[in-house]
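Comments concern the structure below.
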Amino acid sequence: MEALYHASPFTGYVYPNETIIPWTVMIVIYPYMTGLVAGAFSVSSLYHVFGMEKFKPVARFALLTALCFMLFVPMTLLLHLGQPQRAFNAMITPHLTSAFAAFGYFAAFYAVLLMLETWFAFREDNVIRARNSTGLVRSFYRAITLWSDDISEKARSYDHKWMLTLAIVGIPSAHGLHGYVGFVFGSLKSREWWGSDMMPVIFLFSAIISGIAVLIVLYTLVCKVRKTPIDHACVRGMGGALWGFLMFTLLLEGLEFANVVYKGKEGIEIIMEYVTGPLFYRYFVFQFAVGAVVPIIILGLMFARDVRGKAFLVGAVISSLLVLMNVFLMRWNVVIGGQEIAKTMRGLVYYHDPGGREGLAAALAVLSGPFILLAILTRVMPPWKEMTEKG
Amino acid sequence: MKRKPKGGDIKSGRRAFLRGFGKALASVSALMIGGAGLLGKKGTSDAAVIKPEIPPIPDYDWTEHDWGYGIDATRCIGCLRCVEACKAENGVAPTAHHFRTWVERYVWLEGEERPLVDSQSDPGNIAASGSQKEYRFDNRYQDKKIDKAFFVPKICNHCRHPSCVQVCPTGATFKTEDGAVLIDHDYCIGCQYCVQACPYGARFFDPADQVTEKCTWCYHRITKGLQPACVEVCPVGARIFGDMNNEASDISKFLRENRVQVLKPETGNAPTCFYIGLDKEVS
Ligand code: SF4
Ligand code: SF4
C-alpha cells in the first residue's frame, strides 16, 4: 500500500482525507502552459489583427510557439487523471454544470483554430518549398499545404482574409480559454484561497505577461543562435507591453490579497500564518518582489532613461526571465498554495512531490516538450523570413 | 478536420473545405455559447440531477424514499467502531489517509479560548493504536486540566446542493432520487475536481482503483432495508439513519424532537446530515 499514495505532513488540524494533496505540480503547469499559449497568441495578434508593424518579426514565430504549447496542454491533464483512458467521457457526456466539462471542447476548438491559422500563415512558404524541391520532401510539403498550389495575388489575399478572421476569433478564444482556467479555481467555494471573482482576470493578465516574456527570451535566443540581427524596435515594443501589463497584473494580485486580508473572514488566522510562514519566500519575496517589482523597476528605468540597443536587450531578457519565474510561482502559489491551507481552516498541509507520473521530473519533461517541438517545427516551417528582412 | 479536397480543381476544393470549416466553426461556437449559458446556472443542483430509469435493484423504488442521517454528537464516546466497521464493510483503503467516515475530538484545555482538535488519523493516535488499520484516540490529555471536550462524527453530508456533483465533468458523481450522492466508479476519470470542491473533505482518491471514493450511506445495505454499517455498529446510538418520507422512522423522530444544525451552512450545500450538540468551533 505504501507506494500507492503520498501523504503530506501537516500542522494543526486537517481533515483526514486532506493529508493527500489531490492536485500536484501537473496542475501547476497546466495553467502555466495555457497561459503561455494565450500570451504568445496575443503578441501574434498585435500584428495580425491590429497591424502593429513593430511585432511583425515575431508574429509568425509567436503563432508557432502558441501552437507548440497548446499541443502539450492536454498532456498535463492526462498525466494527472487516474483513468486517462476515460478522458473522453467528459466530452461524450459533458456534465454542463462543471467548469471542467467544456474544457475538452474549448481546448480542441482552440487547437484547431491555431492549426488553421498556422496553416494559412505558412501556406505560401510551404507551396514555394514544395515547388522548389523534389521527391519525398516535395510530397511532404505538398501534403502539409493540403495539396494547394495557388499563390496568386488573389489566393494570398484570400489567405490573409482568413488569417484575420481566425485571429479575430482567436483573441477571445485564447483569452476565454485562459480566463476559464481561472474560473476552474475561482468558482470553488470550498477554498478561501481560490474562491475569488478576480481569479479569472488575474489568470488572464499573468498569462499575457508570461507569453510576452517567453517570446522576448526565445526571440533573442533564436537571433543569437542563428546569428541574425535583432530587431530592437520589436524587443522594445514587447518590453513596453510587458512593463504595462506587468504593473496591471501586480496591482490585481495585490488587490486580491488585500481583499482577503482586509475582509478577514473566518479562518484568516490560518491564512496569515500561512503567508507569513511557508509562503513568505515564494509569495512575497520571489513572486512579488523579485518576480514583479524588480522587472517593473528595470523596465521602467530603461524607458525613463531611454536605454537602447544591447543594454535594453539585456535588461529586457533579465526582466522576462524574472517574469516567467513570477508567473510560474503565481500558478504554484495558487494551485498548491490553495491546497496547503486545509479546508478545516485550522491547519496547514505541506506539499511534497509525489514523484512518478505526476512528479516534478514528469512535469519538467512535459514543460520541455513544447520547446523541443518548436525547435523541430521551426525547421519544417521556418518563421524567420520577416525576422531577417527587417533586421 | 484536415482532409484532401476531392476533385481536380484544387482551388475550388480548398474553398469547399473552407466553407465547411466556416460551418464547423459556427456550430462549435454555438455549442460553446450554449455550454457557457448552462455554466452560468452554477449552484442549482436540479440541473445536475441525473434522471435515469429505475435502478436495477430488485424490490426497490428510489422515488419512494428520501434518506436522511442524524448525528447526536453529545452521545459519541469516540470509540471509533464506526470507522473500522465502515472500512471493513466498504473495503476502504486500510490507511490513515482514506476515510468515508471519521471522528473528531475537540478539547479545550483549562483557560484556553480555542480548542485543540484531532481525529483518529492523527499520528499520535495512529501510534497509540499501533496500526493504520485500527483506530483509537490516545490518552494525550490524561494529565491535563480540561474545561470542555467532545467528539464529532463526520461523514459525507449527501448535500441537497452538492458541490461535488456540480463540478464533476463527466457526471460520474450524481445525486439519486432518494437523496444519496453516489459515484459511478466505472465512469469516473479520476480528475479529483470533486475532491477539491467538497467543502467538508468527505472525498478521497482511492489509491488502488484510481478513482474517487466517499461514503454511500452503505447504499447496498439501505436499499435492502438494512442500516448503514456505522449506524448499526454504534454502541451509543450517536448515529441515526432513516427515511424522511416515513414519519415513524428514527430520522423523522430525530428531526421532530430536536433543534438540529448542519455543518458549514454558509456554503449553500444544504446537507442532509443533521447534527445536535455542535459547537461554534466545529466546522
Ligand atoms: S459532503 Fe461533500 S462529497 Fe458529500 S455530497 Fe456534500 S459536497 Fe458532495
Ligand atoms: S474524480 Fe470522478 S467523480 Fe470526481 S469529478 Fe472527476 S470524474 Fe467526477
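The values are calculated or read from the model by the stated rules, or taken from the named source; none is laboratory data. Fair warning: this is a prediction, and the values are worked out from it, not measured in the lab. Using ideal geometry, Cβ is built from the backbone for each residue, glycine included, and neighbour counts are taken over all protein chains shown. These accessible areas exclude ligands, DNA and RNA; they are computed on the full protein's heavy atoms, side chains included. Shrake-Rupley method; radii C 1.70, N 1.55, O 1.52, S 1.80 Å.
Treat segment B:163-213 as a sphere of radius equal to its Kirkwood radius over Cα pairs and apply Stokes-Einstein at 25 °C in a medium of 0.890 mPa s; give the translational diffusion coefficient in µm²/s, rounded to a whole number.
Working: Rh = 10.9 Å.
My calculation gives 226 µm²/s for D.
From Cα pairs below 8 angstrom and at least 6 apart in sequence, can you work out the relative contact order of segment B:97-219, rounded to a whole percent?
Numbers: 198 pairs, mean separation 29.9, N = 123.
Across segment B:97-219, relative contact order equals 24 percent.
Obtain the radius of gyration and the Kirkwood radius of the protein assembly as shown from its C-alpha atoms and give Rg over Rh.
Details: Rg = 28.5 Å, Rh = 27.5 Å.
My calculation of the ratio gives 1.04.
Can you give the average number of partner chain beta-carbon atoms within 10 Å of each beta-carbon in peptide B:90-101, as a whole number?
Working: counts 0, 0, 0, 3, 1, 8, 3, 9, 7, 3, 1, 1.
Counting Cβ atoms of other protein chains within 10 Å of each residue's Cβ and averaging gives 3.
Using Cα pairs closer than 8 Å and at least 6 residues apart in sequence, work out the relative contact order for segment A:287-339, in percent.
Details: 32 pairs, mean separation 28.1, N = 53.
Relative contact order here is 53 percent.
On a 0 to 90 degree scale, rounded to 10, what angle separates helix A:153-186 from the longest Cα axis of chain A?
0 degrees
Go ahead and run the numbers for FRET between B:GLU112 and A:SER157, Cβ-Cβ distance against an R0 of 51 Å, rounding to 0.05. Walk me through the numbers on the way to the answer.
Values: r = 78 Å, r/R0 = 1.53.
E(calc), rounded to 0.05, equals 0.05.
Looking only at other chains, what is the average number of their beta-carbon atoms within 10 angstrom of each beta-carbon in A:185-192?
On the way: counts 1, 0, 7, 8, 11, 13, 3, 0.
Neighbouring Cβ atoms belonging to other protein chains average 5 per residue here.
Per residue of B:203-216, count partner chain C-beta atoms within 10 Å of its C-beta, then hand back the mean as an integer. Spell out each step's value before the answer.
Working: counts 3, 8, 5, 3, 8, 3, 2, 5, 4, 2, 1, 1, 0, 0.
Mean partner-chain Cβ count within 10 Å for B:203-216: 3.
Round to a whole angstrom and tell me the spacing of the C-alpha centers of segment A:315-349 and segment A:222-252.
Between the Cα centres of segment A:315-349 and segment A:222-252 lies a distance of 23 Å.
For n ≥ 4 DSSP H runs only, could you compute -39500 (n - 2.57) per run for chain A, divide by its residues and tell me the 222 nm figure to the nearest 500? Walk me through the numbers before you get to the answer.
Values: 13 runs with 264 residues, N = 391.
Result for chain A: -23500 deg cm²/dmol, rounded to the nearest 500.
Just grab the label-to-label distance for A:ASN132 and A:PHE257, each label 7 Å out from Cα along the Cβ direction, in nm (one decimal).
Each label point is offset 7 Å from its Cα along the Cβ direction, giving 5.3 nm.
Find the sum over both chains of the accessible area lost when A and B are paired, probe 1.4 Å, and report it in Å² to the nearest 100.
Values: alone 18070 and 15930 Å², together 27700 Å².
Buried surface at the A/B interface: approximately 6300 Å².
When only Cα pairs under 8 Å and 6 or more residues apart are kept, what is the percent relative contact order across chain A? Could the numbers behind the result be given before it?
Values: 520 pairs, mean separation 118.0, N = 391.
Relative contact order of chain A: 30 percent.
Provide A:MET238, A:MET345 ordered by accessible surface of protein heavy atoms (probe 1.4 Å), highest first. Don't jump to the answer; show the numbers that get you there.
Numbers: A:MET238 0, A:MET345 45 Å².
Heavy-atom accessible area, descending, gives A:MET345, A:MET238.
Can you sort A:TYR281, B:TYR275, A:TYR32 by solvent-accessible area, 1.4 Å probe, largest first? Write down the numbers at each step before the final one.
Values: A:TYR281 145, B:TYR275 0, A:TYR32 20 Å².
Largest accessible area first, the list is A:TYR281, A:TYR32, B:TYR275.
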